[in-house]
Amino acid sequence: MPKKKVVLNFPPHLIDQPMTYRLIQEHGLVVNILRARINPNEWGRMVVELSGPKAKLEAGRRFLVELGVGVESLAQEVRWQEERCIHCTACLAPCPTHALNVDRASMTVFFDREKCIACELCLRVCPYQAIEMSFE
Amino acid sequence: MAKTIQEINEKIRQGKAVVLTAEEVIGVVQAKGVKKAAQEVDVVTTGTFAPMCSSGAYFNMGHSNPRIKMGGGRVTLNEVPIYAGFAAVDLFLGATALAEDDPRNKVFPGKFAYGGGHVIEELVAGKDVRLTAAAYVTDCYPRRTLDTMVRLEDMNEAVLFNMRNAYQNYNVAVNLSDRVLYTYMGVLQPRMRNANYCTAGQLSPLLNDPLYRTVGVGTRIFLGGGQGLVVSHGTQHNPGVVRTAQGVPKRGAGTLAVMGDLKNMSSLWLRGASFTGYGVTLTVGLGIPIPILDEEILEFTAVRDADILAPVVDYSEAYPNCQTEVLAEVTVAQLKSGEITVGQKKVVTAGLSSYARAREIALILKRWIETGSFLLTEPVAFLPGADSGYVFKPLKERPWESPQASHSRFPPF
């Protein structure tokens, strides 16, 4: 079953809507919440992994967009800039999914986009601003 | 079989010198034995690339017309204050300097996005930097203010001068408290959820010459992508710490003061760094060639990560309060595996010193020597050694006492 990691940005007037419920109930998607920040009168943000048949994924995406929810693919939000990285490995300890990892033989750091859940823990830890998030 | 530096230099000139990195030499010594390897190997190259806060640079800007006396005035580079307590246009920029209006840690933890280290990186990268000066007027220096763009190539002298680099061994930082700590050793998660270390281990310059038998005042080195010199032992040099049977210090020990022409360096090897909640610094690339003068020196360079012990220190209590308590000693090999054990607890490790870049430095230095573009120097003096009695002292605080009224320059009303 196809899976897609997306970042959902909710305008403040939508945060009282049971969006997750509707994605599951009305669109038959499996919704795995990787990260969420919802507060009154603020833009809310959720990082979710959606799985379901392609057509249902597309319908779910359309439903969100029509409601006014910003839908971005995670890959576009997180960037590891290799030319800024010095391979010190400081980012390894906080990364909960090992998206940032090191090849122990060469001791060079690499970034596995598929594993990233955009938790942002690495941002404060990298002294060289090698990781950037466009929604920070 | 003892060799001299002159003999090695002669081989370098003829393109016949055998040069290995501090990593490569380990296998060669294992395969051939010390005696045979010492006959064959002439130089072992080392490297390290890590944040070094006591780095800085001095500049001679040239004189404006009319002249301005920046000395004793207030001067900034990209809004970062630069020390001007010298002659009219000589300036010294420290790696940790911050703009006056930087919020620092007012909203904790501060970002420290830009400071002295970044100014040095930008200058070396050839970028334009804004120089402002506010000065007092004299008969010979009539100008009061200056606001101009400057760049490295237009300056007279631009010299990297680091009063402490290349720390021989270093603490592994952990956090035993219940809150996140933001330190110069990075972000430390509560209840020892990570351990941060900072050493190039078996590639580290002073760990390959633990008793300072070859590295001394005047040693030519790789510095910031160019060539520099060791000018002295560094600040906080502390050679008398506990050592292993092989002479490798088990605590932070020797340090080096180094300098070199900034105009020949590269921003690849001098990088501004921002430590959240702590401040700004400069990450410096440094590599030292070790001439294999005899078998003992070769044995020192064959040191492996597994032979190097680093102390695990709590940065919530012990470090801030100058307590010497060490929670455990771990090898660099364990640190580099990604996990160490402290007491009963397995702790994830992360580095601050780039081993990959350290290896690259050792390889560059090796290539320079092999191609004859880098010759070794004879030190003119050695560093204070393990038995010298030279120690790193804490500050002795003595309370300030108000001078008696009769002696005061400012008598009371």
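The values are calculated or read from the model by the stated rules, or taken from the named source; none is laboratory data. Everything quoted here is computed from the prediction, not taken from an experiment. Don't worry about glycine lacking a Cβ; one is built from the backbone with ideal geometry, like all the others, and counts go over all protein chains shown. Surface areas here come from the heavy atoms of the whole protein model, side chains and all, with no ligands, DNA or RNA. Shrake-Rupley method; radii C 1.70, N 1.55, O 1.52, S 1.80 Å.
Taking residue B:118 as meeting all but one of (1) in contact with a Pro (Cβ under 7 Å, 6 or more places away or on another chain); (2) within 14 Å of chain A (Cβ to nearest Cβ), write down the number of the exception. Condition not satisfied by residue B:118: (1). Take the residues of region B:285-302 that are of a type in the set (A, V, I, L, M) and touching a helix residue (DSSP H, G or I) at 6+ places or on another chain (Cβ under 6 Å): which is surrounded by the fewest Cβ atoms within 10 Å (Cβ to Cβ)? Taking the candidates together, the pick is B:302. Screening A:64, A:50 for residues that are in a strand (DSSP E or B) and touching a helix residue (DSSP H, G or I) at 6+ places or on another chain (Cβ under 8 Å) leaves exactly one candidate, A:50.
Among the residues of region A:74-94, those identified as more than 10 Å from every other protein chain (Cβ to nearest Cβ) and crowded, with 17+ Cβ neighbours inside 10 Å are A:74, A:77, A:78, A:80. Taking first residues from region B:340-358 that are within 14 Å of chain A (Cβ to nearest Cβ) and under 17 Å from residue B:196 (Cα atoms) and partners that are open to solvent by less than 60 Å² (accessible area, probe 1.4 Å) and among the aromatic types (Phe, Trp, Tyr), the Cβ contacts under 8 Å between residues at least 6 apart in sequence or on separate chains come to B:349/B:197; B:350/B:197; B:351/B:197; B:352/B:197; B:353/B:49; B:353/B:197; B:354/B:49.
Within region A:95-111, which residues are part of a loop (DSSP other than H, G, I, E, B), within 24 Å of residue A:9 (Cβ to Cβ) and either open to solvent by 20 Å² or more (accessible area, probe 1.4 Å) or within 11 Å of chain B (Cβ to nearest Cβ) (or both)? Spell out the reasoning first.
Going through region A:95-111, the residues part of a loop (DSSP other than H, G, I, E, B) turn out to be A:95-99, A:104-107.
Those left that are additionally within 24 Å of residue A:9 (Cβ to Cβ): A:95-97, A:99.
Within region A:95-111, A:95, A:96, A:97 meet the criteria.
Once region B:121-140 is narrowed to residues that are over 13 Å from residue B:150 (Cβ atoms), in a loop (DSSP other than H, G, I, E, B) and away from chain A (no Cβ under 14 Å), the residue that is farthest from the chain's Cα centre (by Cα) is B:139.
Consider region B:316-333. How many of its residues are within 14 Å of another protein chain (Cβ to nearest Cβ) and either crowded, with 21+ Cβ neighbours inside 10 Å or touching a Ser or Thr at 6+ places or on another chain (Cβ under 8 Å) (or both)? Walk me through it before giving the result.
Of region B:316-333, the ones within 14 Å of another protein chain (Cβ to nearest Cβ) are B:332-333.
Those still in the list that are either crowded, with 21+ Cβ neighbours inside 10 Å or touching a Ser or Thr at 6+ places or on another chain (Cβ under 8 Å) (or both) too: B:332.
Total satisfying the criteria: 1.
In the condition set (1) in contact with a strand residue (DSSP E or B) (Cβ under 6 Å, 6 or more places away or on another chain); (2) outside any loop (DSSP other than H, G, I, E, B); (3) away from chain A (no Cβ under 11 Å), residue B:202 is compliant with all but (1). Scanning region B:81-112 for residues that are assigned to a strand (DSSP E or B) and open to solvent by 70 Å² or more (accessible area, probe 1.4 Å) yields a single hit, B:83. Close Cβ contacts (under 6 Å, 6 or more residues apart or on different chains) running from residues in region B:255-277 that are over 25 Å from residue B:232 (Cβ atoms) to residues that are at pLDDT 95 or above and among the hydroxyl-bearing types (Ser, Thr, Tyr) comprise B:275/B:184; B:276/B:182; B:277/B:182. Scan region B:61-80 and tell me whether some residue there is away from every other protein chain (no Cβ under 14 Å), crowded, with 18+ Cβ neighbours inside 10 Å and acidic (Asp, Glu). No, there is no match, as no residue in region B:61-80 is away from every other protein chain (no Cβ under 14 Å), crowded, with 18+ Cβ neighbours inside 10 Å and acidic (Asp, Glu).
Hey, among the residues in region B:174-189 that are more than 18 Å from the chain's Cα centre (by Cα) and open to solvent by less than 10 Å² (accessible area, probe 1.4 Å), which one's nearest to the other protein chains (Cβ to nearest Cβ)?
By that ranking, first place goes to B:188.
Starting from residues that are more than 14 Å from chain A (Cβ to nearest Cβ) and among the hydroxyl-bearing types (Ser, Thr, Tyr), keep the ones in region B:241-284 and report whichever is surrounded by the most Cβ atoms within 10 Å (Cβ to Cβ). Selected residue: B:255.
Note on region A:112-136: residues that are away from chain B (no Cβ under 14 Å) and among the small types (Gly, Ala, Ser) total 2.
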